[in-house]
1. If you take the residues in region 33-69 that are assigned to a loop (DSSP other than H, G, I, E, B) and either among the small types (Gly, Ala, Ser) or free of Cβ contacts under 8 Å to residues at least 60 places away in the same chain (or both), which one is farthest from Thr94 (Cα to Cα)?
2. Show me the strands (runs of 3 or more DSSP E) entirely contained within region 70-130 in which 2 or more residues are among the hydroxyl-bearing types (Ser, Thr, Tyr) and touching a residue at least 40 places away in the same chain (Cβ under 8 Å).
3. Taking only region 14-66 into account, find how many residues are at pLDDT 90 or above and surrounded by fewer than 10 Cβ atoms within 10 Å (Cβ to Cβ).
Amino acid sequence: MGLKLSTIMIVAGVSIMFTPTKSLAVPVVPNFQQGSMTSHTETTSKVVESINSMDYNTGYQYSATGSGITASGNLSPGMTNNTVTIDGVTSTWTGVGSKPTFTQTTPGAAFQFVETYQGPGLANQTIIERTTDITSVTETTSIFSQ
């Protein structure tokens, strides 16, 4: 007799239940062998300077020289006190009050004559203004290894 094979279907049921469990984190530790770090710092500054220098004469200077001339009177000039007020500020100094008179010894002849007077006060003023730009650059490289 012949056997008839029939298809047998087997259904298997598998039931899986998932139960939540705790997850544990593992700390991350860097693990490197070597490396480097470069730092660049740039600083810029501006210096502005103003220098004001003043030279003062505290007295007077008088001189007379020449040839072919004759002086009459005292060769040393007479002194006098002078006072001036500017914008409410009063200053007093000693200066030349009188000086000798000079005449040509032989009229029409050659002669030479120089007379100078420098009174007290500001003789020279120097003003210097300058700007200096300063740039500072720092490069730092760090090399590290384990």
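1. The initial filter retains those residues of region 33-69 that are assigned to a loop (DSSP other than H, G, I, E, B), namely 33, 58-60, 68.
If we keep only those that are either among the small types (Gly, Ala, Ser) or free of Cβ contacts under 8 Å to residues at least 60 places away in the same chain (or both) as well, we get 59, 68.
Details: Gly59: 7, Gly68: 31 Å.
Among residues in region 33-69 that are assigned to a loop (DSSP other than H, G, I, E, B) and either among the small types (Gly, Ala, Ser) or free of Cβ contacts under 8 Å to residues at least 60 places away in the same chain (or both), the one farthest from Thr94 (Cα to Cα) is Gly68.
2. On the way: elements: 78-86, 89-98, 101-104, 112-118.
Output list reads 112-118.
3. Filtering region 14-66 down to residues at pLDDT 90 or above leaves 38-55, 65-66.
Among the residues that remain, those that are also surrounded by fewer than 10 Cβ atoms within 10 Å (Cβ to Cβ) are: 38-53, 55.
Qualifying residue count for the region: 17.
The values are calculated or read from the model by the stated rules, or taken from the named source; none is laboratory data. What you see is a predicted model, and the numbers here were worked out from it, not measured in a lab. Virtual Cβ from ideal backbone geometry, glycine too; neighbours counted across all protein chains shown.
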